[in-house]
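Just so it is clear, none of the values below were taken in a lab; they were calculated from the coordinates. This is a predicted model, so every value here is computed, not measured. All Cβ positions, even for glycine, are placed from backbone atoms using ideal geometry, and neighbour counts span all protein chains on display.
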Amino acid sequence: MSNKKVGFWKYIPDGIPCLVIVFALFAYIGSIMGVPQMLNTIMKTAHDLLLNTCFYLMAICVITGAIGKLFVEFGVVKLLERLLRPLMRPLFNLPGVASLGAVMTFLSDNPAIISLAQDKRFSSYFKKYQYISLTNFGTAFGMGLLVIVFMVGQGFYAEPFIGLIGAFCGCIVSTRLMQRFVIKAFPKFAEENATEGKFIAKEEEVIEEKSLFIRTLNSLLDGGRTGVEVGLAIIPGVLIISTLVMIMTFGPAGDGVYNGAAYEGVELLPFLAGKINIVFEWLFGFNDPHLVAFPITALGAVGAALGLVPSFVAEGWADGNAIAVFTAIGMCWSGYLSTHTAMLDSLGYRELTSKAILAHTIGGLVAAFIAHWIYVVYSLI
């Protein structure tokens, strides 16, 4: 009997707060929209996001995945790595080989830097403090190609590349801040090698004799298959996070009545952002408080944040400046709250997660700030 009582009570500290938060959230939304309308809006918004955003993003993932694999197969990635290598030491305080990680994460997603870092031939070039900062360095370029292609698909051309410059600057800040935090916490890491002196001889590459056509076909199909996996992986984030954020961002229908249609909401986020809108207007140039929903969503999943953009454009809230800022902060943050813990855990330094998150939060804000002011200068030219 006593065991049953203990088994029951141990769930109270977590279970009760969870129930209270969930019921309070839906009670608040339902009290404004009406329960039937709220449920209809949730389902219709998620359904529309699935058909018109998730599958669109998956198509982009397939195409960019195929292009990325093609670049790997024919040495374009190695060429880019060689061109970027001279920038690594002066800008990021990283060995030149780190440029390969930037290219790989730009073409795919954040975890690509971890699979690369776990190769001892690669990690042998790094001191421990540099090795740990790869989490921040790689995240700042995660899904970069997808973000840029998506923004171009919305009809913006120069703005995404302005955002890329902003993300690059934010990456410098985030990476160097993380290195400073690590050295301050563990001074010995400034001198210790990441592999602790264990080097592995370079293996000879085995090149199979294949025709140009077969190599191209295999690259496109393999890369496209990887793109499908990435596209499937972002669906939960888009449907769950974007639906919730949209309900908190948008208002009722044009007549002011809740009809249970897709993309209706209670406008809580714009209300809160409006209280401090001068901050977002000065930092990011946001001309509408609704736009703050994008960086909030990008904290957890950049794919979900991209799902907001078409609606923002359709409503006339997102201008060129917003797209540049969205690109910068979307690339630099790239859902880091949901990936940093796992990435540092795989490297074996989970205890430094809070420092990585703080450094990357600052880096993302810097990226958005720089993108905004570059766009201001660009618009004056």
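Could the peptides 356-362, 22-28, 309-315 be put in order, highest first, of the mean number of other beta-carbon atoms found within 10 Å of their residues?
Listed from highest to lowest mean packing, they are 356-362, 309-315, 22-28.
Taking the highest mean first, how do the peptides 317-327, 53-63 order by number of other beta carbon atoms within 10 angstrom per residue?
317-327, 53-63
Can you work out the base-10 log of I(q)/I(0) for region 54-115 at q = 0.20, 0.24 1/Å, using the Debye formula on its C-alpha atoms alone?
Here the Debye-derived log intensity ratios amount to -0.78, -0.98.
Given only helices, namely DSSP H runs of n ≥ 4 each adding -39500 (n - 2.57), what is the per-residue ellipticity at 222 nm of the chain, to the nearest 500 deg cm²/dmol?
-21500 deg cm²/dmol
Starting from the Cα coordinates of region 51-197, work out the convex hull volume and express it per residue in Å³.
115 Å³
Could you work out the relative contact order of region 233-362, using alpha carbon pairs under 8 angstrom and six or more residues apart, expressed as a whole percent? Don't skip to the answer; put the middle values down first.
Working: 149 pairs, mean separation 27.9, N = 130.
Over region 233-362, the number comes to 21 percent.
Arranged from highest to lowest average of other beta-carbon atoms within 10 Å per residue, in what order do the peptides 12-19, 181-188 appear?
Descending packing order for the listed peptides: 181-188, 12-19.
Please compute the length gained on full extension between Lys44 and Arg350, using 0.36 nm multiplied by the number of residues separating them and subtracting their Cα-Cα distance. Provide the component values of the computation, followed by the final result.
Numbers: separation 306, 0.36 × 306 = 110.16 nm, distance 3.93 nm.
Computed gain between Lys44 and Arg350 is 106.2 nm.
Using the Kyte-Doolittle scale, find the helices of the chain whose mean hydropathy is at least 0.0 and whose Cα atoms extend 30 Å or more along the helix's long axis, counting only whole DSSP H runs.
Span-like helices here: 12-33, 158-185, 212-237, 353-380.
Convex hull volume of the Cα atoms in region 256-307, per residue, in Å³?
Numbers: hull volume 5.1 nm³, N = 52.
Cα-based convex hull of region 256-307, divided per residue, equals 99 Å³.
As a test of the definition: which semi-axes, in Å, follow for region 230-335 when you take the square root of five times each eigenvalue of its alpha carbon gyration tensor? Largest first, please. Before the final figure, lay out the partial values.
Details: eigenvalues 82, 72, 26 Å².
Semi-axes from the Cα gyration tensor: 20, 19, 11 Å.
Once you've got the GNM for the chain with C-alpha springs shorter than 10 Å, pick whichever of Gly307, Gly274, Gly231 has the biggest mean-square fluctuation.
Gly274
From the residues Thr105, Ile278, Val302, which one has its Cα farthest along the dipole of the chain in the positive direction, the dipole being from +1 and -1 charges on Cβ of Lys/Arg and Asp/Glu about the Cα centre?
Value computed over the given set: Thr105.
How charged is the neighbourhood of Gly303? Take every other residue with its Cβ under 14 Å from the Cβ of Gly303, and add Lys/Arg as +1 and Asp/Glu as -1. Don't skip to the end; give the middle numbers.
Values: positive: none; negative: Asp109, Glu229.
With Lys, Arg at +1 and Asp, Glu at -1, the net is -2.
Which one, Asn287, Leu347, Tyr336, projects farthest toward the positive side of the charge dipole computed for region 245-381 from Cβ point charges (K/R +1, D/E -1)?
So the residue furthest toward the plus end is Leu347.
For each of Ser31, Ser174, count neighbouring Cβ atoms within 10 Å of the residue's Cβ, then give the residues from fewest to most.
Neighbour counts put them in this order, fewest first: Ser31, Ser174.
So for region 289-381, what are the equivalent ellipsoid semi-axes in whole Å, largest first, each being the square root of 5 times an eigenvalue of the Cα gyration tensor? Numbers along the way, then the final one.
Values: eigenvalues 156, 49, 14 Å².
Each semi-axis is √(5λ); the values are 28, 16, 8 Å.
Rank these for me by crowding, Trp282, Trp333, Trp373, going from fewest to most other beta carbons within 10 Å. Intermediate values should be presented prior to the final figure.
Numbers: Trp282 11, Trp333 30, Trp373 16.
Ordered from fewest to most neighbouring Cβ atoms within 10 Å, Trp282, Trp333, Trp373 come out as Trp282, Trp373, Trp333.
Mind pulling up the Rg/Rh value for the chain? Radius of gyration and Kirkwood radius, both on Cα.
1.01
Within region 50-74, find all residues whose amide N lies under 17 Å from a label point positioned 7 Å from the Cα of Lys210 along Cα-to-beta-carbon.
Once the point is set 7 Å along Cα→Cβ of Lys210, 65-74 turn out to lie under 17 Å by backbone N, inside region 50-74.
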